[in-house]
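Asks: What follows is a single structure, and I will ask about it in a moment.
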Amino acid sequence: MNRHRIAVLAGDGIGKEVIPAGIDVLKAAASRGDFALEFTSFPWGCDFYLKNGRMMDADAVEQLTKFDAIYLGAIGDPKVPDHISAGELLLPLRRRLVQYVNLRPVRLLPGIASPLAGRTTADIDIVCVRENSEGEYCGVGGRVHVGTPDELAEQTGIFTRRGIERIARYAFTLAASRPRKLLASATKSNALVHSMMLWDEVVGGVAREFPQVDYKKYYVDAIAARLVTHPQTLDTILCSNLFGDILTDIGSAISGSLGIAPSGNINPERTAPSMFEPIHGSAPDIAGKGIANPVGAIWAGALMLDHLGERAAHDRIVAAIGRVFADGKMKTPDLGGSSTTRDVGAAIAQAVMEESRQPA
């Protein structure tokens with residue numbers, strides 16, 4: 001029996017509510033599979049910062065490298081500036097653990113209505129491959145003459161041939177494995193004539209290695225519009241760090257709610273653990289009310305199992321989510337219902353158990 005060691009960082013806000021629901025579903029999947037999960041929780045996040053003056057232990061990276069994967073809830077609190085909460089935990093972990101792929105499925109699930117009129121589950125089934133280690137979020141820059149009329153801020157985006165090539169190759173390999181074999185690269189080389197020209201050149205070079213993939217490049221604003229007007233024409237989207245952050249929020253919105261969207265911060269070479277999280281953030285306005293949608297966290301947990309080699313368990317969880325929503329009885333307020341976080345999580349865990357009892 002395979003045994004997977006999981007580091008749990010519930011973090012802040014609704015992370016502390018959705019991660020327990022996710023763990024219950026993961027345990028249900030493991031109980032009917034041929035693998036075991038061992039969870040170890042860490043208290044890192046904004047509460048930890050307010051007590052200790054740092055977002056996580058000084059040797060946090062070394063501690064985390066002992067695990068097979070990381071399960072993260074959310075990071076952020078109004079009492080802690082965003083550049084500290086993200087800049088001293090989330091972004092450093094992605095870089096130090098070489099999680100250069102951010103993988104974000106964008107799907108309209110059964111039983112959920114898209115705000116786009118007339119769209120069905122067949123119209124919205126996309127995966128976004130976002131470069132996760134450099135680009136616009138690399139952290140290079142600074143401010144001078146602070147507080148004076150001459151104050152100046154510089155934020156530098158760093159794009160390397162190696163970084164673009166490895167994310168492009170990952171995206172094309174993924175696109176080639178999907179039925180439609182389509183890849184759209186998000187660029188802005190008409191305005192960003194250095195960084196995005198390099199992006200286009202390198203992506204175009206990798207494209208020649210995958211003749212079976214229908215490759216097109218779009219300006220990022222055109223892809224944003226296409227997500228709204230013609231989402232059925234998109235399948236795999238390859239994008240830089242900033243562009244991917246924005247496009248996937250649009251994607252989750254057209255899928256019904258930010259609360260259902262998962263993500264994986266992937267180290268493809270597996271030299272360090274990958275990290276899986278919902279994309280919704282800590283949502284301090286609803287934290288503690290028990291109404292947060294746990295599906296983003298549950299689906300992120302399913303992505304984690306897939307990464308760990310438990311594809312059948314991933315499929316069971318995603319199918320269970322679809323059956324619970326298709327039934328129409330369980331919906332959190334973000335989807336127009338009144339169900340609680342706990343209710344939805346329990347219903348999905350039960351659906352996982354029931355599905356796994358069905359004959360193969």
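Asks: Mind counting the residues in the stretch 267-297 that are part of a loop (DSSP other than H, G, I, E, B), among the acidic types (Asp, Glu) and under 30 Å from residue 34 (Cβ atoms)? Working first, answer last.
Replies: Just the residues of the stretch 267-297 that are part of a loop (DSSP other than H, G, I, E, B), to begin with: 267-273, 279-294.
Applying the additional criterion that residues be among the acidic types (Asp, Glu) yields 269, 285.
Next, only the ones that are under 30 Å from residue 34 (Cβ atoms) stay: 269.
The number of residues fulfilling the criteria is 1.
Asks: May I ask you to list the residues in the stretch 171-190 that are under 17 Å from residue 243 (Cα atoms) and touching a residue at least 40 places away in the same chain (Cβ under 8 Å)? If you could, list the steps in order and put the result at the bottom.
Replies: The first filter runs over the stretch 171-190 and keeps only residues under 17 Å from residue 243 (Cα atoms), leaving 171, 183-190.
Scanning the stretch 171-190 gives 171, 183, 184, 185, 186, 188.
Asks: Could I ask something else about it? Output the qualifying pairs, or none if there are none: Cβ atoms under 9 angstrom, residues six or more apart or on different chains, first residue in the stretch 214-228 and closer than 18 Å to residue 125 by Cα, second residue acidic (Asp, Glu).
Replies: Taking only residues 6 or more apart or on different chains, the pairs are 214/235.
Asks: In addition: State whether the residues of the stretch 57-71 include one that is in contact (Cβ under 8 Å) with a residue 60 or more places away in the chain and over 29 Å from residue 170 (Cα atoms).
Replies: no
This table checks each residue for (1) in contact with a strand residue (DSSP E or B) (Cβ under 8 Å, 6 or more places away or on another chain); (2) in the same structural domain as residue 346 (by TED's automatic domain parsing); (3) under 22 Å from residue 82 (Cβ atoms).
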residue	(1), (2), (3)
250	no, no, yes
270	no, yes, no
274	yes, yes, no
278	yes, yes, yes
281	yes, yes, yes
285	no, yes, yes
288	no, yes, yes
291	no, yes, no
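Asks: Scan the stretch 65-88 for residues that are at pLDDT 95 or above, closer than 14 Å to residue 11 by Cβ and under 20 Å from the mean Cα position of the chain (by Cα) and jot them down.
Replies: 70, 71, 72, 73, 74, 75, 76, 77 - these are the residues of the stretch 65-88 that are at pLDDT 95 or above, closer than 14 Å to residue 11 by Cβ and under 20 Å from the mean Cα position of the chain (by Cα).
Asks: Within the stretch 25-47, is there a residue that is among the small types (Gly, Ala, Ser) and at positive phi?
Replies: Taking the stretch 25-47 first, the residues among the small types (Gly, Ala, Ser) are 28-31, 33, 36, 41, 45.
Cutting the leftovers down to at positive phi gives us 45.
There is at least one residue in the stretch 25-47 that is among the small types (Gly, Ala, Ser) and at positive phi.
Asks: While we're here: If a residue has to be within 16 Å of the chain's Cα centre (by Cα) and more than 21 Å from residue 22 (Cβ to Cβ) to count, how many in the stretch 219-248 make the cut?
Replies: Taking the stretch 219-248 and keeping what is within 16 Å of the chain's Cα centre (by Cα), we get 236-248.
Of the ones still in play, those that are also more than 21 Å from residue 22 (Cβ to Cβ) are 236-247.
Looking only at that region, the number is 12.
Asks: Output the number of the condition that residue 267 fails; it satisfies all remaining conditions of (1) more than 28 Å from residue 97 (Cβ to Cβ); (2) surrounded by 16 or more Cβ atoms within 10 Å (Cβ to Cβ).
Replies: (1) is the only condition that residue 267 fails.
Asks: Also, I was wondering about something else. Do we have residue 125 as touching a His at 6+ places or on another chain (Cβ under 8 Å), at negative phi and at pLDDT 95 or above here? If you could, list the steps in order and put the result at the bottom.
Replies: Values: touching a His at 6+ places or on another chain (Cβ under 8 Å): no; at negative phi: yes; at pLDDT 95 or above: yes.
Against the criterion (touching a His at 6+ places or on another chain (Cβ under 8 Å), at negative phi and at pLDDT 95 or above), residue 125 does not qualify.
Asks: Evaluate the following for residue 203: is it in contact (Cβ under 8 Å) with a residue 24 or more places away in the chain and touching a Cys at 6+ places or on another chain (Cβ under 9 Å)?
Replies: Values: in contact (Cβ under 8 Å) with a residue 24 or more places away in the chain: yes; touching a Cys at 6+ places or on another chain (Cβ under 9 Å): no.
So residue 203 does not fit the description; no.
Asks: Within the set of pairs 6 or more residues apart or between chains, which connect a residue that is in the same structural domain as residue 58 (by TED's automatic domain parsing) and more than 30 Å from residue 256 (Cα to Cα) inside the stretch 87-106 to a residue that is modelled with pLDDT under 95 and buried (at least 21 other Cβ atoms within 10 Å of the Cβ) with Cβ atoms less than 6 Å apart?
Replies: 95/133
Asks: Something else about it: Filter the strands (runs of 3 or more DSSP E) completely within the stretch 111-164 down to those with at least 3 residues that are of a type in the set (Val, Ile, Thr). Steps first, please.
Replies: Numbers: elements: 125-131, 135-144, 152-158.
Of the strands (runs of 3 or more DSSP E) lying wholly inside the stretch 111-164, those with at least 3 residues that are of a type in the set (Val, Ile, Thr) span 125-131.
Asks: Do any helices (runs of 4 or more DSSP H) lying entirely in the stretch 18-89 carry at least 3 residues that are of a type in the set (Val, Ile, Thr), and which ones are they? If you could, list the steps in order and put the result at the bottom.
Replies: Values: elements: 46-52, 60-64, 82-85.
The helices (runs of 4 or more DSSP H) meeting that bar number zero.
Asks: It is to be established whether one or more residues within the stretch 312-332 are in contact with a Lys or Arg (Cβ under 9 Å, 6 or more places away or on another chain), touching a residue at least 24 places away in the same chain (Cβ under 8 Å), more than 22 Å from residue 251 (Cα to Cα) and part of a helix (DSSP H, G or I).
Replies: yes
Asks: Still on this structure, please answer the following. For residues that are surrounded by fewer than 24 Cβ atoms within 10 Å (Cβ to Cβ) and in contact with a Lys or Arg (Cβ under 8 Å, 6 or more places away or on another chain), tally how many sit in the stretch 253-263.
Replies: The number of residues fulfilling the criteria is 1.
Asks: Follow-up. Consider residue 149 carefully, then state whether it is over 30 Å from residue 328 (Cα atoms) and surrounded by 15 or more Cβ atoms within 10 Å (Cβ to Cβ). Break it down into steps so the answer makes sense when it comes.
Replies: Numbers: over 30 Å from residue 328 (Cα atoms): yes; surrounded by 15 or more Cβ atoms within 10 Å (Cβ to Cβ): no.
So residue 149 fails the test.
Asks: Do any strands (runs of 3 or more DSSP E) lying entirely in the stretch 180-265 carry at least 2 residues that are among the small types (Gly, Ala, Ser), and which ones are they?
Replies: Values: elements: 182-187, 214-219, 236-239.
Once the strands (runs of 3 or more DSSP E) in the stretch 180-265 are filtered for at least 2 residues that are among the small types (Gly, Ala, Ser), what remains is 182-187.
Asks: Further question on the same structure: Output yes when any residue across the stretch 298-306 is part of a loop (DSSP other than H, G, I, E, B) and either modelled with pLDDT of 95 or more or not charged (D, E, K, R) (or both), and no when none is. Even if it seems obvious, please write down each step before you answer.
Replies: Kept after step one, since they are part of a loop (DSSP other than H, G, I, E, B), are these residues of the stretch 298-306: none.
No, the stretch 298-306 has no match at all.
Asks: From the list 356, 252, which residue is within 22 Å of residue 113 (Cβ to Cβ), among the polar types (S, T, N, Q) and at pLDDT below 95?
Replies: On the way: 356 fails: within 22 Å of residue 113 (Cβ to Cβ).
Criteria check complete, one pass: 252.
The values are calculated or read from the model by the stated rules, or taken from the named source; none is laboratory data. Quantities reported herein were computed from a predicted structural model and do not represent experimental measurements. All Cβ positions, glycine included, derive from the backbone under ideal geometry; neighbour counts span all protein chains shown.
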